[in-house]
Amino acid sequence: AQKVTQAQTEISVVEKEDVTLDCVYETRDTTYYLFWYKQPPSGELVFLIRRNSFDEQNEISGRYSWNFQKSTSSFNFTITASQVVDSAVYFCALRGTASKLTFGTGTRLQVTL
Amino acid sequence: GAGVSQSPSNKVTEKGKDVELRCDPISGHTALYWYRQSLGQGLEFLIYFQGNSAPDKSGLPSDRFSAERTGGSVSTLTIQRTQQEDSAVYLCASSLSPGRSKSYTFGSGTRLTVV
């Protein structure tokens, strides 16, 4: 069985603070993919990143960065210098050999001025 | 189309009635998925289509739920004899065949309210 845990239910930060969203996963598959999605108040899920299990290089995209550590089964997401527009629910997800995505319960990020 | 289209965007129905939710995936996407998101919860997988077949129906919560896909395109999720616990946002996603796809594109969802 596959499982994704996002222990942080809700995080509040002040604009320009850095914030890290945690994601821990469980799978028995040796090949798998990890994803992050953003769900703004409008409700539509927006794809942010996909990582495969063989590539542990960290990735940076603008203010966003991801830290993948197989040793701890974690795929954490950091937003640097957060902005109000970053306010959303963020979901981590896992796909193994099955085609479906298994999602965590999400972390609600609130960025205030 | 440019994105995944779902209709209706909102549906209010009386307990016991049947409802049909529609998903129109991105043209050329052979894989289609239905998920359910209850208030404050994560996304719960319901069913996966590859073409017109459903190799994984493991997430359908009861036999009141069924889905079909025709022409490798549009999919319909049907809920019979709706119950209040069926109230949720039903999301559809599509992708190229899983081995070729980098990401899954989601629609805006259908918000179902059973009263």
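Would you mind listing the strands (runs of 3 or more DSSP E) fully within segment A:1-112 where at least 3 residues are in contact with a Gly (Cβ under 8 Å, 6 or more places away or on another chain)? By residue number, A:88-95. Restricting to segment B:5-41, name every residue that is in a strand (DSSP E or B), within 14 Å of chain A (Cβ to nearest Cβ) and over 25 Å from A:A98 (Cα atoms). Correct list: B:N10 only. When segment B:1-23 is limited to residues that are open to solvent by 50 Å² or more (accessible area, probe 1.4 Å) and closer than 18 Å to B:S103 by Cα, the one that is modelled with the highest pLDDT turns out to be B:S5.
Could you tell me which numbered condition A:F91 fails, if it satisfies all but one of (1) open to solvent by 10 Å² or more (accessible area, probe 1.4 Å); (2) within 11 Å of chain B (Cβ to nearest Cβ); (3) in contact with a Phe, Trp or Tyr (Cβ under 6 Å, 6 or more places away or on another chain)? In the conditions (1) open to solvent by 10 Å² or more (accessible area, probe 1.4 Å); (2) within 11 Å of chain B (Cβ to nearest Cβ); (3) in contact with a Phe, Trp or Tyr (Cβ under 6 Å, 6 or more places away or on another chain), A:F91 misses (1) alone. Just to be sure I understand, how many residues within segment A:29-66 are open to solvent by less than 60 Å² (accessible area, probe 1.4 Å) and at positive phi? Residues flagged as open to solvent by less than 60 Å² (accessible area, probe 1.4 Å) and at positive phi within segment A:29-66 amount to 1. Residue-level check: of (1) open to solvent by less than 10 Å² (accessible area, probe 1.4 Å); (2) closer than 30 Å to B:N10 by Cα; (3) touching a residue at least 40 places away in the same chain (Cβ under 8 Å), A:L21 misses just (2).
The residues in segment A:76-87 that are under 14 Å from the mean Cα position of the chain (by Cα), more than 16 Å from A:F103 (Cα to Cα) and crowded, with 19+ Cβ neighbours inside 10 Å can be counted, and the count is 2.
Which of the residues spanning segment B:31-57 are over 19 Å from A:F35 (Cα atoms) and open to solvent by 50 Å² or more (accessible area, probe 1.4 Å)? Those that are over 19 Å from A:F35 (Cα atoms) and open to solvent by 50 Å² or more (accessible area, probe 1.4 Å): B:L39, B:G40, B:Q50, B:N52, B:S53, B:P55, B:K57. Considering the conditions (1) modelled with pLDDT under 95; (2) not in a strand (DSSP E or B), B:E44 is excluded by exactly one of them, (2). Output yes when any residue across segment B:76-90 is within 14 Å of chain A (Cβ to nearest Cβ), of a type outside the set (D, E) and either loosely packed, with under 14 Cβ neighbours inside 10 Å or in contact (Cβ under 8 Å) with a residue 60 or more places away in the chain (or both), and no when none is. Yes: one or more hits. In segment A:101-109, the condition of being closer than 28 Å to B:N10 by Cα, more than 14 Å from chain B (Cβ to nearest Cβ) and in contact (Cβ under 8 Å) with a residue 12 or more places away in the chain is met by at least one residue.
For B:T78, the conditions (1) assigned to a strand (DSSP E or B); (2) at pLDDT below 95; (3) hydroxyl-bearing (S, T, Y) all hold with the exception of (2).
The values are calculated or read from the model by the stated rules, or taken from the named source; none is laboratory data. None of these values were measured; they are calculated from a predicted model. Note: ideal-geometry Cβ built from the backbone for every residue, glycine included; neighbour counts use all protein chains shown. Accessible surface is based on the protein model in full, side chains and every heavy atom, while ligands, DNA and RNA are left aside. Shrake-Rupley method; radii C 1.70, N 1.55, O 1.52, S 1.80 Å.
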